[in-house]
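Written below as C-alpha cells is the structure these notes are about.
The values are calculated or read from the model by the stated rules, or taken from the named source; none is laboratory data. Please read these numbers as outputs of a predicted model, since none were measured by experiment. Glycine gets a Cβ as well: all are built from the backbone with ideal geometry, and neighbour counts include every protein chain shown.
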C-alpha cells in the first residue's frame, strides 16, 4: 500500500495467479505468523482516494471496501484480525514514487502533512473494531537522519513528535522506532572493520538517549538487519576487493559457519542488541531476511545470514521480528556479492498461492520463541 497502486499486490486473483485477503490470513495463521507489517504511503493517506488501478478482484475480495484508501486499510486489518493476526502500521514512504526523502518531511511533504496523516490513521483504526492494531512504526528507514543532535533531522526528536501525535489520537497503541544510518567501527576476529548501519538499523546513540513520550511504556525499538543481498557488507566475508563504483566484492571469500554466525551476532549487538537487556523497551527486528532459496553464493552466505539472524533472535530473546517479505516480487540488489542486479523472492511463489517451502521452513526457527501466541496474547475476559 506504499506504492502508486495504493493496494497490496496479489489481490487480482484470477484463474492463473493471485489471492485474497482471507487466503493470505489463512496461510499466515496456519504457519504461526501472528503479526504483519503493513507499509503505507503518506500521499495515499492524505489523498484517501478510491483505487486508481483495477488490481483487486472485487468478486473474490468482495469483503474488501475499495471506496477509499483508508477504507481498504480498515478491510485488510479486519481480515487479518479474523485469523487473530496483529498489524503494525509502517509509515513507509512519503509519496507514491518514493523519491521525496527518507525522513518525516521531504521536498514536497511538510511535517504538518505527515502529522495529519498520523491523525487520519488513528481516527480510522483506533477502535475496538480494529483491536488487532499494535501501533505505528513512526518512519521507515530514516537513513538521512541523525540521533540526538537537536537538529532538524534529529530522528530522536522526530520519533517523539510522531509518537506523541499518535498517542494523542490512540493512547493504547505502541510506537515502533527504527534507527538511523551512520558509519561505525567494530573489531571482529582481531581485525577492525568500518561499516555503515543497515538502513533503519543504527541505534548506537539510543542507549543514553531514549525517545521520551507523553505516555510511559509505549516505546518499542524496531531496527532492521539484512543480508548481502541488500548490500554486501565486508564484515560478512573473509576477504575480497570492493568495487567502489558498484560496492560489489570481487573475489569474495565466504566464511565458515561458526565465524559467520559470530559476525552476525556481534554486528547485531553493536548496532542495537545492547538495548535488548529485558529491563527497558522491547526490541524486535522491524525487517530482516530477504533473498533465500535463490542465493547464488556457493556456500549460501546470504541464506546463512538469515538463518543466523533467527538464531540470535531466539537465543537473545528478542521480542520477535518481521521477515521481509511475503511478496514474491520483493527485490534485492546483489546475488552473489560480486554481482549487482535485480533479484526477487518472497515467502510466496510468483503465483501468490504456493508457499516458498524452504524459506517458510527457515522461518519456523522462530516457532520456539517463548510465549509465541496468536493475538490477543492476553485474556479477553475479566473475572468478576
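Condition check for residue 374 on (1) more than 21 Å from residue 260 (Cα to Cα); (2) at pLDDT 95 or above; (3) under 21 Å from the mean Cα position of the chain (by Cα): one failure, at (2).
State yes or no: is residue 238 under 27 Å from residue 121 (Cα atoms) and touching a helix residue (DSSP H, G or I) at 6+ places or on another chain (Cβ under 8 Å)? Working first, answer last.
Working: under 27 Å from residue 121 (Cα atoms): no; touching a helix residue (DSSP H, G or I) at 6+ places or on another chain (Cβ under 8 Å): yes.
Here the answer is no, as residue 238 does not meet what is asked.
Of all positions in the stretch 293-306, at least one carries a residue that is modelled with pLDDT of 95 or more, closer than 13 Å to residue 345 by Cα and in contact with a helix residue (DSSP H, G or I) (Cβ under 6 Å, 6 or more places away or on another chain).
Every test in (1) crowded, with 20+ Cβ neighbours inside 10 Å; (2) farther than 21 Å from residue 33 by Cα is passed by residue 303 save one, and that test is (2).
Of all residues in the stretch 306-333, exactly one satisfies the criterion of being without any contact (Cβ under 8 Å) to a residue 60 or more places away in the chain, surrounded by fewer than 17 Cβ atoms within 10 Å (Cβ to Cβ) and in contact with a strand residue (DSSP E or B) (Cβ under 7 Å, 6 or more places away or on another chain), namely 331. For the stretch 251-272, taking the residues that are touching a strand residue (DSSP E or B) at 6+ places or on another chain (Cβ under 8 Å) and under 18 Å from residue 194 (Cα atoms), the one that is surrounded by the fewest Cβ atoms within 10 Å (Cβ to Cβ) is identified as 262.
Mind counting the residues in the stretch 273-294 that are in a loop (DSSP other than H, G, I, E, B), closer than 20 Å to residue 137 by Cα and touching a strand residue (DSSP E or B) at 6+ places or on another chain (Cβ under 6 Å)? Don't jump to the end; show me each part of the working.
Initial filter on the stretch 273-294 (in a loop (DSSP other than H, G, I, E, B)): 276-281, 284, 289-294.
Now restrict to residues that are closer than 20 Å to residue 137 by Cα: 276, 280-281, 284, 289-290.
Going one step further and asking which of them are touching a strand residue (DSSP E or B) at 6+ places or on another chain (Cβ under 6 Å), we end up with 276, 281, 284, 289-290.
So the count comes out to 5.
Just the residues that are free of Cβ contacts under 8 Å to residues at least 60 places away in the same chain, within 24 Å of residue 287 (Cα to Cα) and in a loop (DSSP other than H, G, I, E, B), please, taken from the stretch 171-191. Hits for the stretch 171-191 are 172, 173, 181, 182. Could you run through the stretch 311-345 and say how many residues are outside any strand (DSSP E or B), within 18 Å of residue 294 (Cβ to Cβ) and touching a helix residue (DSSP H, G or I) at 6+ places or on another chain (Cβ under 9 Å)? Qualifying residue count for the region: 5. In a residue-by-residue description of the stretch 334-341, the property of being more than 19 Å from the chain's Cα centre (by Cα), touching a residue at least 40 places away in the same chain (Cβ under 8 Å) and loosely packed, with under 12 Cβ neighbours inside 10 Å applies to no position.
Scanning for something over 18 Å from the mean Cα position of the chain (by Cα), farther than 22 Å from residue 178 by Cβ, buried (at least 19 other Cβ atoms within 10 Å of the Cβ) and modelled with pLDDT of 95 or more, does the stretch 102-109 turn up at least one residue? I'd like the intermediate steps shown before the answer.
Restricting attention to the stretch 102-109, the residues satisfying the condition of being over 18 Å from the mean Cα position of the chain (by Cα) are 105-109.
So of that shortlist, the ones also farther than 22 Å from residue 178 by Cβ come out as 108.
Of the ones still in play, those that are also buried (at least 19 other Cβ atoms within 10 Å of the Cβ) are none.
No, that holds for no residue.
Let's see how each residue does on (1) out of contact with any strand residue (DSSP E or B) (no Cβ under 6 Å at 6 or more places or on another chain); (2) in contact (Cβ under 8 Å) with a residue 60 or more places away in the chain; (3) more than 30 Å from residue 153 (Cα to Cα):
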residue: 67; (1), (2), (3): yes, no, yes
residue: 86; (1), (2), (3): no, yes, yes
residue: 100; (1), (2), (3): yes, no, no
residue: 115; (1), (2), (3): yes, no, no
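To keep it simple, each residue is scored yes or no on (1) modelled with pLDDT of 95 or more; (2) surrounded by fewer than 17 Cβ atoms within 10 Å (Cβ to Cβ); (3) under 24 Å from the mean Cα position of the chain (by Cα); (4) closer than 15 Å to residue 3 by Cα.
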residue: 34; (1), (2), (3), (4): yes, no, yes, no
residue: 43; (1), (2), (3), (4): yes, no, yes, yes
residue: 46; (1), (2), (3), (4): yes, yes, yes, yes
residue: 50; (1), (2), (3), (4): no, yes, no, yes
residue: 54; (1), (2), (3), (4): no, yes, no, yes
residue: 71; (1), (2), (3), (4): yes, yes, yes, no
residue: 78; (1), (2), (3), (4): yes, no, yes, no
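In the stretch 80-126, how many residues are assigned to a loop (DSSP other than H, G, I, E, B) and over 15 Å from residue 167 (Cα atoms)? Steps first, answer last, please.
Just the residues of the stretch 80-126 that are assigned to a loop (DSSP other than H, G, I, E, B), to begin with: 83-85, 94-110, 126.
Next cut, over 15 Å from residue 167 (Cα atoms) only: 83-85, 94-110.
Final tally of qualifying residues: 20.
Applying the condition of being over 22 Å from the mean Cα position of the chain (by Cα) and part of a strand (DSSP E or B) to the stretch 207-266 and asking which residue is nearest to residue 321 (Cα to Cα) yields 249.
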